[in-house]
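For reference, the structure is listed below as structure tokens.
The values are calculated or read from the model by the stated rules, or taken from the named source; none is laboratory data. Computed from a predicted structure; not experimentally measured. In this analysis, Cβ positions are derived from the backbone assuming ideal geometry, glycine residues included, and neighbour counts consider all displayed protein chains. Side chains included, ligands, DNA and RNA excluded: accessible areas come from the protein's heavy atoms. Shrake-Rupley method; radii C 1.70, N 1.55, O 1.52, S 1.80 Å.
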Amino acid sequence: MTTPKLAAGSVFPAIDLPVLSGGTRSLAKPRDGFDWQLTIVYRGKHCPLCTTYLKELNDRLPDFTAQGTDVLAVSADTEARAAAHMEEVAPQFDVAYGLTIPQMQQLGLYISGLENGRDVEAPFAEPGLFVIDDSGLLQITDISNVPFARPDLAWIAKGIGFRRGAFANTPINGTHA
């Protein structure tokens with residue numbers, strides 16, 4: 001079963017989720033001090049490729065924050081599973097948990113079931129990456145149905161630099177009718 005995909009240039013859905021550091025965060029709005037948001041959806045604790053990708057995100061975090069881009073990772077994991085997973089990752093960014101199936105569908109993510117992983121307790125979202133600008137518009141989007149097809153984070157950081165810099169006054173890519 002597939003879900004409708006978010007269109008580049010559309011308003012990113014307002015979804016609030018709890019974060020491991022306490023409180024809640026919007027998937028679409030950066031924290032104070034930032035004006036753009038990078039939201040990365042990862043599969044969950046069961047996925048070793050997610051662990052590697054989130055560790056790389058830690059290494060690349062200065063590339064994003066230097067551009068005023070806040071970073072948030074999110075999964076469908078429970079708080080306990082997310083917390084256990086993040087002991088290995090040691091993230092320097094916020095981690096949200098508890099993404100529901102209707103929220104996954106709202107984001108246009110691919111969804112997999114128990115048979116698509118090991119040590120899986122519930123259906124989970126496949127990877128997604130969303131860059132939201134200061135107007136709440138989706139500037140960059142990448143979704144995958146597998147954990148081994150993800151965008152290179154160095155290129156995403158460069159792409160944000162282009163969108164915020166030399167191409168700031170051009171239409172969002174992929175929006176030509």
| note | Checked region 66-118 for anything open to solvent by 40 Å² or more (accessible area, probe 1.4 Å) and of a type in the set (Ser, Thr, Tyr); matches are Thr78, Thr100, Tyr110
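Report whether or not Ala122 is without any contact (Cβ under 8 Å) to a residue 60 or more places away in the chain, closer than 29 Å to His176 by Cα and open to solvent by 20 Å² or more (accessible area, probe 1.4 Å).
Taking the combined requirement at face value, the residue does not satisfy it.
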| request: Determine whether region 89-99 contains at least one residue that is closer than 21 Å to Leu20 by Cα and either at pLDDT below 95 or basic (Lys, Arg) (or both). | output: no
| request: Check region 129-136 and report whether any residue there is open to solvent by less than 60 Å² (accessible area, probe 1.4 Å), at negative phi and over 15 Å from the mean Cα position of the chain (by Cα). | output: no
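I'd like to check something: does region 40-49 contain any residue that is of a type in the set (A, V, I, L, M, F, W, C) and closer than 23 Å to Gln139 by Cβ?
Yes, there is a match, as at least one residue in region 40-49 is of a type in the set (A, V, I, L, M, F, W, C) and closer than 23 Å to Gln139 by Cβ.
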| request: Could you list all residues from region 46-71 that are free of Cβ contacts under 8 Å to residues at least 60 places away in the same chain, under 17 Å from Tyr97 (Cα atoms) and part of a helix (DSSP H, G or I)? | output: Thr51, Leu54
| remark: Among Pro30, Pro18, Pro13, the single one that is more than 16 Å from Pro127 (Cα to Cα), touching a Ser or Thr at 6+ places or on another chain (Cβ under 6 Å) and modelled with pLDDT of 95 or more is Pro18
| Qualifying positions in region 1-48 - β-branched (Val, Ile, Thr), farther than 18 Å from Pro91 by Cα and open to solvent by less than 80 Å² (accessible area, probe 1.4 Å) | Thr3, Ile15
| query | Regarding Pro62, is this residue farther than 23 Å from Phe12 by Cα and modelled with pLDDT of 95 or more? | reply | yes
| Are any residues in region 26-45 part of a strand (DSSP E or B) and either under 20 Å from Gln105 (Cβ atoms) or aliphatic (A, V, I, L, M) (or both), and if so, which ones? | Ser26, Leu38, Thr39, Ile40, Val41
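Condition check ((1) part of a loop (DSSP other than H, G, I, E, B); (2) under 12 Å from the mean Cα position of the chain (by Cα); (3) closer than 21 Å to Glu56 by Cβ) across all residues:
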position: Ala73; (1), (2), (3): no, yes, yes
position: Glu88; (1), (2), (3): no, no, yes
position: Gln105; (1), (2), (3): no, no, no
position: Asp142; (1), (2), (3): no, yes, yes
position: Ala149; (1), (2), (3): yes, no, yes
| Given the structure, is Lys5 in contact with a His (Cβ under 7 Å, 6 or more places away or on another chain) and either within 15 Å of Met86 (Cβ to Cβ) or in contact (Cβ under 8 Å) with a residue 40 or more places away in the chain (or both)? | no
